[in-house]
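Here is the structure we will look at, set down as structure tokens.
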Amino acid sequence: MSNEVIIKLNSVGTFAVGKTSLIRRYTENSFSEDYLPTLGVDITVKRGIIIDAKPIRLVFMDTAGEEKFGSLRRTYFEGSLGCLAVYDITRPDTLNDLNRWIREYQEVAGKDKVISIIGNKIDLAERREVKQIDGQRYARSKGSSFYEASAKFGGKVIPLIFQDIVQKVLRQIS
């Protein structure tokens, strides 16, 4: 499709918060219990999306959450139009770390990019340590959308997260 809009999105967050799992749930409707850390970057493409009568191709740059990949990760932020900033609701430090992750992303991609804050692993509600209101407040402080999700179980919220960020990116680039 020659009129296809290509949107490059990144994911950021501490290792093992579920960045890859959220992307796989959306792009493949799959989930794996086996944790395999992303080494550097994992690139995933999703085509066939129609939003606001526009054909969209999403290119996900799923970056590693380990410190040793910092310089490599930054190169994949170039040209990005939006970012999923993900934390684990069972690990408060992962919400606190989002400041650093978002700053790193914005230093390369720009401060004007669309960012969505996602509290992942709500299927582990009995182990929750980050209150939903804390995630909401954090997102509000950043001017970002906020969602809680379970990459494991999916549900209607997963497509909403991606539809929301794409619609905001489309508004910003038009």
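Figure legend. Inter-residue proximity from region 152-166: first residues over 13 Å from residue 23 (Cβ atoms), second residues part of a helix (DSSP H, G or I) and among the acidic types (Asp, Glu), beta-carbon distance below 8 Å, spacing 6+ or different chains. Indicated pairs: 152/123; 153/123. Whenever a residue of region 122-148 is within 16 Å of residue 102 (Cβ to Cβ), its partners that are assigned to a loop (DSSP other than H, G, I, E, B), lying with C-beta atoms within less than 8 angstrom and at least six residues away or across chains, give the pairs 135/89. For the criterion of being hydrophobic (A, V, I, L, M, F, W, C), modelled with pLDDT of 85 or more and at positive phi, residue 85 fails.
In region 89-110, the condition of being within 19 Å of residue 161 (Cβ to Cβ) and in a strand (DSSP E or B) is met by no residue. Among the residues examined, residue 130 qualifies as more than 16 Å from the chain's Cα centre (by Cα), under 16 Å from residue 14 (Cα atoms) and either outside any strand (DSSP E or B) or among the hydrophobic types (A, V, I, L, M, F, W, C) (or both). Counting only residues that are without any contact (Cβ under 8 Å) to a residue 40 or more places away in the chain, of a type outside the set (Lys, Arg) and more than 26 Å from residue 125 (Cβ to Cβ), how many does region 81-113 have? Residues flagged as without any contact (Cβ under 8 Å) to a residue 40 or more places away in the chain, of a type outside the set (Lys, Arg) and more than 26 Å from residue 125 (Cβ to Cβ) within region 81-113 amount to 4.
The values are calculated or read from the model by the stated rules, or taken from the named source; none is laboratory data. The shown structure was predicted, so the numbers you read here are calculated from the model rather than taken from an experiment. Note that each Cβ is placed from the backbone with ideal geometry, even for glycine, and that neighbours are counted across all protein chains shown.
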